[in-house]
Amino acid sequence: FEALKVEGGPLSSAELGRRVPAARGGLQAHLRKLEEGEWVERVSGGGRQSVWQTRGGPISWSESDVVDPDVALAVEELYWVSLQRRINRIRRFDAERQTGEWPEAWVEATIGHDYSLWLTAVDLEDLEGELVSTIEKYRLRAIAHQHEARATVRKRDLAGPPAELVFVTVSAFPMKTSV
């Protein structure tokens, strides 16, 4: 799932097996489970010739959706793995930034803001809706950039793609305060 999500897919089962060798043995079963959960979809083919992509938009679930204890345990583990991956991506970019691996234009364009806002639960739900709406607009634009980048690679344009894969993370949750 991570390879499909980060790459933006679509990728064949064979290519996924090459990128995630540890998953080769149960890859088809895992992909079918992800498909049942509507996290990925088969674009074409069958078996190792299947081509897969993630479904559009963010992956989310509600605690009330998880009634099976085994599923609840898997969701909890996914939460922690995802959180650690977010942290690792931020650390990796910071190290790359510090060693000059990114052009100044990219370093200047990065976003890093923290806010502490006094909101109601309804306010927080409204904020999520607005943020998701804005990010969705850019997600659709990103699909076009991804197609351009792949076309550029196919033409072996040495100038490189006009866009880079950008990691966006947004978190909002209540905090206990001493106020």
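The values are calculated or read from the model by the stated rules, or taken from the named source; none is laboratory data. What you are looking at is a predicted structure, and each value in this text was computed from that prediction instead of being measured. Neighbour counts are summed over all protein chains in view; Cβ atoms, including those assigned to glycine, are modelled from backbone coordinates with ideal geometry. All accessible areas refer to the heavy atoms of the entire protein, side chains included, with ligands and DNA or RNA removed. Shrake-Rupley method; radii C 1.70, N 1.55, O 1.52, S 1.80 Å.
Listed values, structure above:
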{"quantity": "Subset tally (residues that are at pLDDT 85 or above, within 19 Å of the chain's Cα centre (by Cα) and either farther than 25 Å from Asp68 by Cα or not in a helix (DSSP H, G or I) (or both)) for segment 18-52", "calculated": "7"}
{"quantity": "Evaluation of Arg55 against (1) open to solvent by 60 Å² or more (accessible area, probe 1.4 Å); (2) over 22 Å from Gln146 (Cβ atoms) (one fails), failing number", "calculated": "(2)"}
{"quantity": "Residue match in segment 67-82 (condition: in contact with a helix residue (DSSP H, G or I) (Cβ under 8 Å, 6 or more places away or on another chain) and of a type outside the set (Ser, Thr, Tyr))", "calculated": "no"}
{"quantity": "Matching residues in segment 62-75 - criterion: being under 20 Å from Ala172 (Cβ atoms) and open to solvent by less than 100 Å² (accessible area, probe 1.4 Å)", "calculated": "Ser62, Ser64, Val75"}
{"quantity": "Looking only at segment 114-169, and only at residues there that are open to solvent by less than 80 Å² (accessible area, probe 1.4 Å) and touching a His at 6+ places or on another chain (Cβ under 9 Å), the one that is modelled with the highest pLDDT", "calculated": "Ala163"}
{"quantity": "Hits in segment 66-113 - residues which are β-branched (Val, Ile, Thr) and at pLDDT 90 or above", "calculated": "Ile87, Ile90, Thr99, Val107, Thr110, Ile111"}
{"quantity": "Scope segment 2-18; condition free of Cβ contacts under 8 Å to residues at least 60 places away in the same chain and either farther than 20 Å from Glu164 by Cα or aliphatic (A, V, I, L, M) (or both); matching residues", "calculated": "Ala3, Leu4, Leu11, Ser12, Ser13, Ala14, Glu15, Leu16, Gly17, Arg18"}
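This table checks each residue for (1) in contact with a helix residue (DSSP H, G or I) (Cβ under 8 Å, 6 or more places away or on another chain); (2) more than 23 Å from Phe173 (Cβ to Cβ).
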{"site": "Arg85", "(1), (2)": "yes, no"}
{"site": "Pro103", "(1), (2)": "no, yes"}
{"site": "Glu108", "(1), (2)": "no, yes"}
{"site": "Ser116", "(1), (2)": "no, no"}
{"site": "Ala142", "(1), (2)": "no, yes"}
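Okay, residues lined up against (1) outside any helix (DSSP H, G or I); (2) without any contact (Cβ under 8 Å) to a residue 12 or more places away in the chain; (3) within 19 Å of the chain's Cα centre (by Cα):
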| residue | (1), (2), (3) |
| --- | --- |
| Leu78 | no, yes, yes |
| Gln84 | no, yes, yes |
| Phe93 | no, no, yes |
| Glu96 | no, yes, no |
| Glu101 | yes, yes, no |
| Asp114 | yes, yes, no |
